[in-house]
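Q: Mind looking over this structure? Questions follow.
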Amino acid sequence: MSNIPKIVILGAGYGGILTAQRLQKELNYNEADVTLVNRHDYHYITTHLHMPAAGTDSIENTRVFISKLIDEFKIDLVKSSVKEIRPQEKKVILVDGTLSYDHLIIALGGEPESFGIPGLDEYAMTIRSINSVRLIRKHIEYQFALYKNEKSPQERINFVVGGAGFSGIEFVAELADRIPELCKEYDVDPHLVNIYNCEAAPTALPGFAPELVEYAMDVLRKKGVTFKIGIAIKECTPEGVLLATGEEIKAATVIWTGGIRGNHMIEAAGFETMRGRVKVDEHLRAPGYDNVFIIGDNSLVMNPEGRPYPPTAQIAMQQGVCTAKNVVSTIRNKPLKKFEFSNKGTVASLGKGEGIAVIGDKLLKGWSAAQLKKVVDMRYLITIGGIPLMLRKGRFL
């Protein structure tokens, strides 16, 4: 029986794919068996999903087949869904089999957080996967078709987006850019279409300087977005949403972007969690399990002030690189590397030709920030697939 260590990576998102790529680079031949488990045979770029959801970009620009990103002679790709994690037995139960491991990396990605708002899970859509994006895009187009052909009521072309963080703001920006095209295609008066962005927090885009937030909101207001800031959605119904103020917004489309939590399988596995996330140690390991690393949306990493870093693609990628190094070090009985997040900056798209960004102490807005967003996106494509992938998938200046 082989004594080669078995490494299992669950999930091929930002953290999982970077872990796999670094492991295949750093491990020697026959030093370990590496298995990557993913529900689909493709990796999708989560930070791009708002564009195809609104219909402003192709879905194909948002996904890359994993076979193009890994060396299948070094990484065994298993297309399956995880059913259960059993850390005490060192096993992962899939829907169609079982994997045993010596070292486990959990990078399963998060799940929508509804905060217990009644009706949200039943009646709102979320931007969380390629399939959810397809549904949203077709649904939006269908509302325009129904409105025109059936003389449907006004709410057919009312759109409510819950949450004014990154995902919410970037989606309403793309949707606002798409509306004129849809109105022209379906012969609908643009003035009849309403986009509402509701946020319970006192400000949109938390983490950005107030002047950038105001700039972003002003850009989107000019594009036709109506903001409801500091007003929570109390309930989601088949007819729309009921706000905490008592106001009802009738809408056939409600998109929820108001937050994510960790994966429910993390809690079910017996790990101590906070909203489905595990507070990992300085080496990104689960407490009590030196052979289990948890990264991305499933992990909680504290900043120097003792507050958790927001779960972004940037931190997941850095965690993936660090985890790969630490797994290799564990196998070679060498000291582990402490994870330290290096913030390269924050960029948000506001649709065509517009954006806001924070790079160090510099604040950018408008065209320059929009171009920086594209540079960041292209840089990621180069990181995982080189210049050929960037040329195939990139949105250029």
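Q: Tyr123 versus (1) surrounded by 15 or more Cβ atoms within 10 Å (Cβ to Cβ); (2) without any contact (Cβ under 8 Å) to a residue 60 or more places away in the chain: which is the lone unmet condition?
A: Here Tyr123 meets the rest and fails (2).
Q: Considering segment 78-88 alone, what residues qualify as being open to solvent by less than 40 Å² (accessible area, probe 1.4 Å) and part of a strand (DSSP E or B)?
A: Looking only at segment 78-88, we keep the residues that are open to solvent by less than 40 Å² (accessible area, probe 1.4 Å), and these are 78, 80-82, 85, 87.
Answer for segment 78-88, where residues must be open to solvent by less than 40 Å² (accessible area, probe 1.4 Å) and part of a strand (DSSP E or B): Val78, Val82, Ile85.
Q: Consider Asn28 against the criteria (1) crowded, with 22+ Cβ neighbours inside 10 Å; (2) modelled with pLDDT under 95: it satisfies all of them except one. Which criterion is unmet?
A: The one condition Asn28 does not meet is (1).
Q: Is at least one residue of segment 317-327 over 17 Å from Ala107 (Cβ atoms), surrounded by 15 or more Cβ atoms within 10 Å (Cβ to Cβ) and not hydroxyl-bearing (Ser, Thr, Tyr)?
A: Scanning segment 317-327 turns up no residue that is over 17 Å from Ala107 (Cβ atoms), surrounded by 15 or more Cβ atoms within 10 Å (Cβ to Cβ) and not hydroxyl-bearing (Ser, Thr, Tyr).
Q: Something else about it: Write out, first by first residue and then by second, each pair whose Cβ atoms fall under 8 Å of each other, whose residues are 6+ apart or on separate chains, and whose first residue, in segment 342-353, is on the phi > 0 side of the Ramachandran plot while the second is among the small types (Gly, Ala, Ser) and exposed (fewer than 13 other Cβ atoms within 10 Å of the Cβ).
A: Within 8 Å, the pairs are Gly345/Gly360.
Q: Of all residues being of a type in the set (Ser, Thr, Tyr), under 25 Å from the mean Cα position of the chain (by Cα) and more than 19 Å from Leu10 (Cβ to Cβ) in segment 229-285, which is surrounded by the most Cβ atoms within 10 Å (Cβ to Cβ)? Just the residue, please.
A: If we filter segment 229-285 for residues that are of a type in the set (Ser, Thr, Tyr), which is where we start, we get 237, 245, 253, 257, 273.
Then keep just the ones that are under 25 Å from the mean Cα position of the chain (by Cα); that gives 253, 257, 273.
Of the ones still in play, those that are also more than 19 Å from Leu10 (Cβ to Cβ) are 253, 257.
Values: Thr253: 21, Thr257: 27.
Filtering first and then ranking leaves Thr257.
Q: Filter segment 188-235 down to the residues that are of a type in the set (Ser, Thr, Tyr) and out of contact with any Ser or Thr (no Cβ under 7 Å at 6 or more places or on another chain), then identify the one that is modelled with the lowest pLDDT.
A: Applying the first criterion (of a type in the set (Ser, Thr, Tyr)) to segment 188-235 yields 196, 203, 215, 226.
If we keep only those that are out of contact with any Ser or Thr (no Cβ under 7 Å at 6 or more places or on another chain) as well, we get 203, 215, 226.
Working: Thr203: 95, Tyr215: 98, Thr226: 98.
It comes out as Thr203.
Q: So Tyr42 ticks every box in (1) buried (at least 24 other Cβ atoms within 10 Å of the Cβ); (2) of a type in the set (Ser, Thr, Tyr); (3) farther than 21 Å from Phe171 by Cβ but one. Which box is left unticked?
A: It fails just one condition, (1).
Q: Then there's this: Quick check on Ala348: is it outside any strand (DSSP E or B) and surrounded by 15 or more Cβ atoms within 10 Å (Cβ to Cβ)? Break it down into steps so the answer makes sense when it comes.
A: Details: outside any strand (DSSP E or B): no; surrounded by 15 or more Cβ atoms within 10 Å (Cβ to Cβ): yes.
Answer is no for this residue.
Q: Residues to consider are Pro153, Pro206; find the one that is under 23 Å from Val347 (Cβ atoms) and open to solvent by 70 Å² or more (accessible area, probe 1.4 Å). Quick ask: steps written out before the conclusion?
A: Working: Pro153 fails: under 23 Å from Val347 (Cβ atoms).
Testing whether each residue is under 23 Å from Val347 (Cβ atoms) and open to solvent by 70 Å² or more (accessible area, probe 1.4 Å) leaves just Pro206.
Q: Continuing with the same structure: For segment 356-397, how many residues meet the condition of being open to solvent by less than 30 Å² (accessible area, probe 1.4 Å) and at positive phi?
A: So the answer is 2.
Q: If I ask for residues that are surrounded by fewer than 20 Cβ atoms within 10 Å (Cβ to Cβ), among the hydrophobic types (A, V, I, L, M, F, W, C) and assigned to a loop (DSSP other than H, G, I, E, B), which ones from segment 55-77 would you list?
A: Of everything in segment 55-77, just one residue is surrounded by fewer than 20 Cβ atoms within 10 Å (Cβ to Cβ), among the hydrophobic types (A, V, I, L, M, F, W, C) and assigned to a loop (DSSP other than H, G, I, E, B), namely Phe73.
Q: Sort out which residues of segment 301-351 are within 21 Å of the chain's Cα centre (by Cα), over 17 Å from Tyr14 (Cβ atoms) and of a type in the set (D, E, K, R), and write them in order of number. Let's see the steps before the verdict.
A: Of the residues in segment 301-351, the ones within 21 Å of the chain's Cα centre (by Cα) are 301-303, 307-323, 341-351.
So of that shortlist, the ones also over 17 Å from Tyr14 (Cβ atoms) come out as 302-303, 307-308, 348-351.
Of everything in segment 301-351, just one residue is within 21 Å of the chain's Cα centre (by Cα), over 17 Å from Tyr14 (Cβ atoms) and of a type in the set (D, E, K, R), namely Arg307.
Q: Pick from Pro304, Pro311: which is buried (at least 17 other Cβ atoms within 10 Å of the Cβ) and at pLDDT below 90? Reasoning before the result, please.
A: Details: Pro304 fails: buried (at least 17 other Cβ atoms within 10 Å of the Cβ).
Just one listed residue meets the conditions, Pro311.
Q: Can you tell me which residues in segment 161-188 are open to solvent by 70 Å² or more (accessible area, probe 1.4 Å) and not aromatic (Phe, Trp, Tyr)?
A: Quick first cut of segment 161-188, residues open to solvent by 70 Å² or more (accessible area, probe 1.4 Å) only: 166, 180-181, 184-185, 187.
Result: Pro180, Glu181, Lys184, Glu185, Asp187.
Q: Okay, next question. Need at least 2 residues that are out of contact with any strand residue (DSSP E or B) (no Cβ under 9 Å at 6 or more places or on another chain) and closer than 16 Å to Val254 by Cβ per element, so show me which helices (runs of 4 or more DSSP H) inside segment 115-192 make the cut, counting only ones lying wholly within it.
A: On the way: elements: 120-123, 130-150, 166-186.
Passing ranges, in order: 130-150.
A quick yes/no check of all residues on (1) charged (D, E, K, R); (2) farther than 26 Å from Ala348 by Cβ; (3) under 23 Å from the mean Cα position of the chain (by Cα); (4) at pLDDT 95 or above:
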site: His48; (1), (2), (3), (4): no, no, yes, no
site: Ala53; (1), (2), (3), (4): no, no, yes, yes
site: Asp76; (1), (2), (3), (4): yes, yes, no, yes
site: Ser80; (1), (2), (3), (4): no, yes, yes, yes
site: Pro87; (1), (2), (3), (4): no, yes, no, yes
site: Thr98; (1), (2), (3), (4): no, yes, no, yes
site: Tyr101; (1), (2), (3), (4): no, yes, no, yes
site: Ser114; (1), (2), (3), (4): no, no, yes, no
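The values are calculated or read from the model by the stated rules, or taken from the named source; none is laboratory data. On a predicted model such as this, the values are computed, not experimentally measured, just so you know. Cβ coordinates were reconstructed from backbone atoms using ideal geometry, including for glycine residues, and neighbour counts include every protein chain displayed. Only protein heavy atoms, including side chains, enter the accessible area calculation; ligands, DNA and RNA are left aside. Shrake-Rupley method; radii C 1.70, N 1.55, O 1.52, S 1.80 Å.
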